[in-house]
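Colleague: Before anything else, here's the structure in question.
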Amino acid sequence: MRSLNGKSLSCLTIGRECSDDITVSEDVPAIKSFKKMGLRSELLCGIYNYGYERPSLIQQRAINQIIQGRDLVVQAQSGTGKTATFCIGTLQLLDPTRKVSQALFLAPTRELASQIHQVVTALADHLAIKCMLCCGGKINVGQMSKALHQGFQIVVGTPGRILELLRSGFLKPSSLRIVVIDEADEMLNQGLREQLEEIFKYLPIRRGSVELDSCRGIMRSPMQRVVVSATWTSECRDMMEKFLENPVCLLVPKDELSLSGIKQYYIDTSGEEWKFETLTDIFASVCIPQTVIFVNTRRKVDWLLERLRMDGFTATAAHGNLDQATRDRVMNEFRAGKSRILVTTDIWARGIDVQTVGLVVNYDLPQTAAVYLHRIGRSGRFGRRGLAISFVAGGNDAAHLNDIAKTYCVTISPTPPNLADLINLPEVENTPPPSSPEIIKQKVMTNDQTPLVRPMSAGKKRKLKVLRNRRRRQKAAAKRRVSASTPHSCK
């Protein structure tokens, strides 16, 4: 037992996803098979069709706690199955015969809400449970209210849109059985605390009030609450104290948050102007199904996309200035493998869940260690091996990357010469079976044999070579002029 902000909590500490270093409290057993969890046969079909063969370490402990009706805190790194954890637990809890809103899932961004909606829909494929996505930029509140009356049992949305539905009375909180807050740390970082607290006021939460669940013979609170986060901050703890009642905690130590399945390296580009050629050199040396490149500004997204396409790469891009329809189109094209490279800002540091992403490039270093964690977590999904490369261009970059490494107690080494060999490492234990329908679908859609660049004619290749050589000569001449104009120091 551990105390957090004065509250007595049943706590569970989980080590790395690929490690046996696990410390478990006695009252939170690990159930290592989905069948042994007592799940509905229809739900099991959805789980296996989605590509899961056995539960991850988080899922082995958290799903059963949700089914038992306990309030829950889940803090673990990206790619460990947190989303599927609360989706599976919720789908087992709900009553398919009741055509009312029984579950509410809150996410900080439209992209993440859309991802959750896709996971729920896939897992509930054999169940008579419907899920509705409520985000700004989709449909208006009036249209959503009509859809809610059609019997959607699960509502997924962003705080702003959910708050509109609660204020207007279209979403009835009295029928809700469970509320899940996903990526709680990001919600608080985005300044959504006031919206969350207002949402809490609409929910029938009675501290200290419990009732007997006659079906399971256990005591449960009137509304179950689950908080999910990749990092655990003091703001998250404060929110948990207000929102949860005697929760079970599944917490990953900070030094285990470095995503052990992802190799992390850096390249010293000796300046901003050499980053692009370094990037093209990487693509020339390795064959990767899909890549995500992160930059810090929208303007650089557009610039880098144009440069990549000029050099013949099949790339696409997304940032905050795009409307929702364009974002959805870009994401769908990337998932389908129509584009092999995605250039983006931190808007999708948490919202990209594509199993075939093998490489993440930090073209610009992230502002914080937490953002670094989420960025590199876009590769190595579902236990696969991943690769993250960060560009160091001078200034404070080296010191900043060193601080990030110290935060998570990891070593970020210079990129080795045998980079291509690092891509072909064997998959780790929790990889879904290659014969599962979802993996087959991903392989068909992305076609691993597709070249990273479009085929170019010999004439275009010669033209590009001339342009590159010209740029190199211009840069060399500029350096010589600067050197010649610099006065020598007198001895």
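Colleague: Which net charge results for the neighbourhood of residue 175, defined as the other residues with beta-carbon distances under 14 angstrom from its beta-carbon, given Lys and Arg at +1 and Asp and Glu at -1?
Modeller: My count for the surroundings of residue 175 gives +3.
Colleague: With θ set to phi - 60°, apply the Karplus curve 6.51 cos²θ - 1.76 cosθ + 1.60 along the stretch 362-370 and write out the HN-Hα couplings as whole Hz, x wherever there is a Gly or Pro.
Modeller: Whole-Hz 3J(HN,Hα) from phi for the stretch 362-370: 8, 4, 10, 5, x, 6, 10, 5, 4.
Colleague: Using a Förster distance of 35 Å, how high is the FRET efficiency between residue 49 and residue 410, based on the Cβ-Cβ distance and rounded to 0.05?
Modeller: Once the sixth-power term is evaluated, E becomes 0.50.
Colleague: Residue by residue through the stretch 56-66, which ³J(HN,Hα) values in whole Hz follow from phi under the Karplus form 6.51 cos²θ - 1.76 cosθ + 1.60 (θ = phi - 60°), with glycine and proline marked x?
Modeller: Per residue, the Karplus-derived 3J(HN,Hα) values read 6, 4, 5, 5, 4, 10, 7, 4, 5, 5, 5 Hz.
Colleague: Could you run the Karplus curve 6.51 cos²θ - 1.76 cosθ + 1.60 with θ = phi - 60° over the stretch 270-285 and give me ³J(HN,Hα) per residue in whole Hz, x for Gly and Pro?
Modeller: 6, x, 4, 5, 9, 5, 5, 5, 5, 4, 5, 5, 4, 5, 6, 9
Colleague: How big is the gap, in Å, between the Cα center of the stretch 390-414 and the Cα center of the stretch 265-307?
Modeller: If we compute the Cα centre of each part, the gap is 17 Å.
Colleague: Applying a 10 Å radius around every beta-carbon, put 317-323, 292-298, 408-414 in order of their mean neighbour count, most first.
Modeller: 292-298, 317-323, 408-414
Colleague: Can you tell me what the convex hull of the Cα atoms of the stretch 95-154 projects to on average, as an area in nm²?
Modeller: Directional mean of the projected Cα hull area for the stretch 95-154 stands at 4.0 nm².
Taken together, the values in this text are just the output of simple stated rules run on the coordinates, not laboratory data. What you see is a predicted model; the values in this text were computed from it and never measured. Backbone-built Cβ (ideal geometry, glycine too); neighbour counts: all protein chains shown.
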